[in-house]
1. Is one or more of the residues making up region 74-83 modelled with pLDDT of 95 or more and surrounded by fewer than 12 Cβ atoms within 10 Å (Cβ to Cβ)?
2. Looking at (1) crowded, with 16+ Cβ neighbours inside 10 Å; (2) out of contact with any helix residue (DSSP H, G or I) (no Cβ under 7 Å at 6 or more places or on another chain), which is the one condition that is false for residue 64?
3. Within region 86-97, is even one residue part of a helix (DSSP H, G or I), touching a helix residue (DSSP H, G or I) at 6+ places or on another chain (Cβ under 8 Å) and touching a residue at least 60 places away in the same chain (Cβ under 8 Å)?
4. Please tell me if residue 120 is touching a strand residue (DSSP E or B) at 6+ places or on another chain (Cβ under 8 Å), buried (at least 19 other Cβ atoms within 10 Å of the Cβ), closer than 23 Å to residue 43 by Cβ and touching a residue at least 24 places away in the same chain (Cβ under 8 Å).
5. Being in contact with a strand residue (DSSP E or B) (Cβ under 6 Å, 6 or more places away or on another chain) and surrounded by 12 or more Cβ atoms within 10 Å (Cβ to Cβ) is the filter; apply it to region 50-61 and report the residue that is nearest to residue 112 (Cα to Cα).
6. Mind checking whether some residue in region 10-33 is modelled with pLDDT of 95 or more and loosely packed, with under 13 Cβ neighbours inside 10 Å?
7. Of these, 125, 162, which one is crowded, with 20+ Cβ neighbours inside 10 Å and touching a helix residue (DSSP H, G or I) at 6+ places or on another chain (Cβ under 8 Å)?
């Protein structure tokens, strides 16, 4: 009798855990997209290369694609043209694409992006403190912040963002 009660408690706990872990997940995630626990996104306020300040708090109400990268990173270099390709496909009121360069000079970043992603103005994490707060597990890393400011998904490593499976994911997130 006691065994059955314990088993029921364990099963109920596992079901509750599974329900909460998938509550934030879409039903089909492409390879390399990990669901996150929905905790608040860390603070993010940086200047872009034009000197304008961008703040994650001001992006509430829309999805944000927060992408950490560097010019010296091979997968970042391969992935950047695919981010440029999707950039004009989404209205920034639905999905805002934010590139955060980690501690490189503006000249280095400008020279690289001018060739592969001329439409995107990156944020500059000159001292690396924002990157430290967000703690990406490597570069590139892309976090998806939902309209309520919660961390929902993480992509580790480079992705072909302009491929149908990733475009479908982005469209489903916006429609969610």
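The values are calculated or read from the model by the stated rules, or taken from the named source; none is laboratory data. Please read these numbers as outputs of a predicted model, since none were measured by experiment. Every residue, glycine as well, gets a Cβ built from its backbone with ideal geometry; the counts of neighbours run over all protein chains shown.
1. Checked region 74-83: at least one residue is modelled with pLDDT of 95 or more and surrounded by fewer than 12 Cβ atoms within 10 Å (Cβ to Cβ).
2. Exception for residue 64: condition (2).
3. Applying the first criterion (part of a helix (DSSP H, G or I)) to region 86-97 yields 86-89.
Adding the requirement that they be touching a helix residue (DSSP H, G or I) at 6+ places or on another chain (Cβ under 8 Å) leaves 86, 89.
Retained after the next criterion (residues that are touching a residue at least 60 places away in the same chain (Cβ under 8 Å)): 86, 89.
There is at least one residue in region 86-97 that is part of a helix (DSSP H, G or I), touching a helix residue (DSSP H, G or I) at 6+ places or on another chain (Cβ under 8 Å) and touching a residue at least 60 places away in the same chain (Cβ under 8 Å).
4. So residue 120 does not fit the description; no.
5. Filtering region 50-61 down to residues in contact with a strand residue (DSSP E or B) (Cβ under 6 Å, 6 or more places away or on another chain) leaves 53-55, 59.
Filter once more, keeping what is surrounded by 12 or more Cβ atoms within 10 Å (Cβ to Cβ): 54, 59.
Values: 54: 21, 59: 27 Å.
Per the stated criteria, the residue is 54.
6. Checking region 10-33: not a single residue is modelled with pLDDT of 95 or more and loosely packed, with under 13 Cβ neighbours inside 10 Å.
7. Just one listed residue meets the conditions, 125.
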